[in-house]
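Undergrad: Attaching a single structure in structure tokens format; questions to follow.
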Amino acid sequence: MVVLSACETGTGDIKIGEGVFGLRRAFVQAGAMSLVMSMWSVPDRETKELMVEFYRNVLDGKMNRCQALRRAALKQMGVVNERYGVANPFYWGAFVFLGEP
């Protein structure tokens, strides 16, 4: 598993006849079985909180990596709602999972 928690690591440039180029494609070609990446820039505070919860869920061993990310995002949604008065997905919805759970 490769985790790319930097900004917009799940995006890439579209090349006619070639598809989308980016970090995602490079890691898959290098043999990564699963990836976690972001689709847009998320503030550092919320990224750190989500990633800490994601790793906690993975290390707990009770769920697969995809479920661990989903649970972390749902928890972060609640944190964001408490903090800002609205569960804006800008703060918790940027991270996606690709590959083997």
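The values are calculated or read from the model by the stated rules, or taken from the named source; none is laboratory data. Values in this document were obtained by computation on a predicted structure and should not be read as measured data. Cβ placement follows ideal geometry from the backbone for every residue including glycine, while neighbour counts extend to all protein chains displayed. Note: accessible area is taken over every heavy atom of the protein model, side chains too, but ligands, DNA and RNA are not part of it. Shrake-Rupley method; radii C 1.70, N 1.55, O 1.52, S 1.80 Å.
Undergrad: Among the residues of region 85-101, write down those that are over 18 Å from E49 (Cβ atoms) and not in a strand (DSSP E or B). Can you show your working first?
TA: Going through region 85-101, the residues over 18 Å from E49 (Cβ atoms) turn out to be 98-101.
E100, P101, listed by residue number.
Undergrad: Only one of (1) of a type outside the set (F, W, Y); (2) touching a residue at least 60 places away in the same chain (Cβ under 8 Å); (3) open to solvent by 70 Å² or more (accessible area, probe 1.4 Å) fails for R65. Which number is that?
TA: Answer for R65: the failing condition is (3).
Undergrad: Still on this structure: In region 76-91, is there at least one residue being surrounded by 12 or more Cβ atoms within 10 Å (Cβ to Cβ) and touching a residue at least 40 places away in the same chain (Cβ under 8 Å)?
TA: yes
Undergrad: Let me ask something else. Applying the selection to region 12-32, what residues are modelled with pLDDT of 65 or more and open to solvent by less than 90 Å² (accessible area, probe 1.4 Å)? If you could, list the steps in order and put the result at the bottom.
TA: Step one: of region 12-32, the residues modelled with pLDDT of 65 or more are 22-32.
Listed by number, the residues that qualify are G22, L23, R24, R25, A26, F27, V28, A30, G31, A32.
Undergrad: Follow-up. Out of all the residues in region 33-45, which are more than 19 Å from Y84 (Cα to Cα), among the aliphatic types (A, V, I, L, M) and surrounded by 16 or more Cβ atoms within 10 Å (Cβ to Cβ)?
TA: L35, V36, M37
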